[in-house]
Amino acid sequence: MEEVPHDCPGADSAQAGRGASCQGCPNQRLCASGAGAAADPAIEEIKEKMKTVKHKILVLSGKGGVGKSTFSAHLAHGLAEDENTQVALLDIDICGPSIPKIMGLEGEQVHQSGSGWSPVFLEDNLGVMSVGFLLSSPDDAVIWRGPKKNGMIKQFLRDVDWGEVDYLIVDTPPGTSDEHLSVVQYLATAHIDGVVIITTPQEVSLQDVRKEISFCHKVKLPIIGVVENMSGFICPKCQRESQIFPPTTGGAEAMCQDLKIPLLGKVPLDPRIGKSCDKGQSFLVEAPDSPATVAYRSIIQRIQEFCSQRLPEGENLVGS
């Protein structure tokens, strides 16, 4: 379908092709015929593909720069420390793929096999896929409209040969846009365990997290909990804590109490986190005694506990 009006009623609406906003739309005849409401056959193909994946976790954030990809990477590192746990990390931040850099896989290429695309393996039990592996240079800009982004996400979910996987972690772009709707729609019948939402203590970040939470409620996505990144700085010499980003409205803790959502934990600032990401190394291994590592490990354990309690079939999601 071509570009649609901002106030489009949607192809599956009773007003599709008939509403006032449909006048002049290039898709009007298609929507009015009912053809636009037909289910995408890829949904069933993806459901079949995902039968080998036990747990699926989305990592979201309202704002960019709050440490979402850093958290996704360290969640993958932490889970993969158990060599009997198979972990897959999927980067669907199409326009800003940072996972290859953070995981130390920049410059790697994706290979095609008879069973689909092969992920890039950091360890025998940790596979990674990102649009960054498809670019000729990490400096190349991806300038795509929504439909092309959606097509790429569909390919990642349908055509990547993950094999038997215990955890699939999906690192998403900030906000609630095409990519989020696509991944929810395509995994609608494949059971998403839940989402982890990343924020920082400031109200300017929390404001967008509330929108993210509203999005999750609307599409019936279970919320595992919220992680507050950059939550103070603990001096390595005197062990005193300073609030670099003061939680002027109570931070994530007050918001979670207000909205009755679990706060999974608070990760304090540690300059070594950024250094580890730039070097493509696991901060959990580089700084095992850091208060931030202790916080990460506690959060990862809580996520594992949540997933272990999930029923095989989850709630119906939007698009199912």
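The values are calculated or read from the model by the stated rules, or taken from the named source; none is laboratory data. Computed from a predicted model, the values in this text were never measured in an experiment. Note: ideal-geometry Cβ built from the backbone for every residue, glycine included; neighbour counts use all protein chains shown. Protein only, heavy atoms only, side chains kept; ligands, DNA and RNA dropped before computing areas. Shrake-Rupley method; radii C 1.70, N 1.55, O 1.52, S 1.80 Å.
What the table below lists for this structure:
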| quantity | calculated |
| --- | --- |
| All positions within the stretch 64-93 that are β-branched (Val, Ile, Thr), in a loop (DSSP other than H, G, I, E, B) and under 21 Å from residue 229 (Cβ atoms) | 66, 92 |
| Given (1) at pLDDT below 95; (2) surrounded by 18 or more Cβ atoms within 10 Å (Cβ to Cβ), index of the condition residue 68 fails | (1) |
| Which numbered condition residue 201 misses (of (1) at negative phi; (2) in a loop (DSSP other than H, G, I, E, B); (3) touching a residue at least 60 places away in the same chain (Cβ under 8 Å)) | (3) |
| Residue match in the stretch 311-318 (condition: in a helix (DSSP H, G or I) and more than 17 Å from the chain's Cα centre (by Cα)) | no |
| Residues (among the charged types (D, E, K, R) and farther than 19 Å from residue 209 by Cβ) located in the stretch 235-270 | 237, 240, 241, 270 |
| All positions within the stretch 294-311 that are touching a residue at least 12 places away in the same chain (Cβ under 8 Å) and open to solvent by 20 Å² or more (accessible area, probe 1.4 Å) | 297, 298, 302, 304, 306, 310 |
| Elements of type strands (runs of 3 or more DSSP E) in the stretch 106-174, at least 1 residues being hydrophobic (A, V, I, L, M, F, W, C) | 116-118, 120-123, 126-130, 165-171 |
| Any hit, the stretch 198-206, residues being over 30 Å from residue 270 (Cα atoms), open to solvent by 10 Å² or more (accessible area, probe 1.4 Å), at pLDDT below 95 and not small (Gly, Ala, Ser) | no |
| All positions within the stretch 89-142 that are touching a Ser or Thr at 6+ places or on another chain (Cβ under 6 Å) and among the hydroxyl-bearing types (Ser, Thr, Tyr) | 98 |
| Residues (within 18 Å of residue 68 (Cβ to Cβ) and of a type in the set (S, T, N, Q)) located in the stretch 247-290 | 276, 282 |
| Residue under evaluation residue 190, criteria (1) modelled with pLDDT under 95; (2) surrounded by fewer than 21 Cβ atoms within 10 Å (Cβ to Cβ); (3) closer than 18 Å to residue 45 by Cβ, criterion not met | (2) |
| Count of the stretch 97-108 residues which are open to solvent by 50 Å² or more (accessible area, probe 1.4 Å) and either out of contact with any Phe, Trp or Tyr (no Cβ under 6 Å at 6 or more places or on another chain) or at pLDDT below 90 (or both) | 3 |
| Within the stretch 263-320, considering residues that are under 30 Å from residue 42 (Cα atoms) and among the aliphatic types (A, V, I, L, M), the one modelled with the highest pLDDT | 303 |
| Filter result for residue 196 (in a helix (DSSP H, G or I) and within 14 Å of the chain's Cα centre (by Cα)) | no |
| Hits in the stretch 228-246 - residues which are in a loop (DSSP other than H, G, I, E, B), under 30 Å from the mean Cα position of the chain (by Cα) and closer than 14 Å to residue 271 by Cα | 229, 230, 231, 232, 244 |
| Residue match in the stretch 269-285 (condition: open to solvent by less than 60 Å² (accessible area, probe 1.4 Å) and hydroxyl-bearing (Ser, Thr, Tyr)) | yes |
| Residue tally, condition open to solvent by 40 Å² or more (accessible area, probe 1.4 Å), under 22 Å from residue 104 (Cα atoms) and touching an Asp or Glu at 6+ places or on another chain (Cβ under 9 Å), over the stretch 124-165 | 2 |
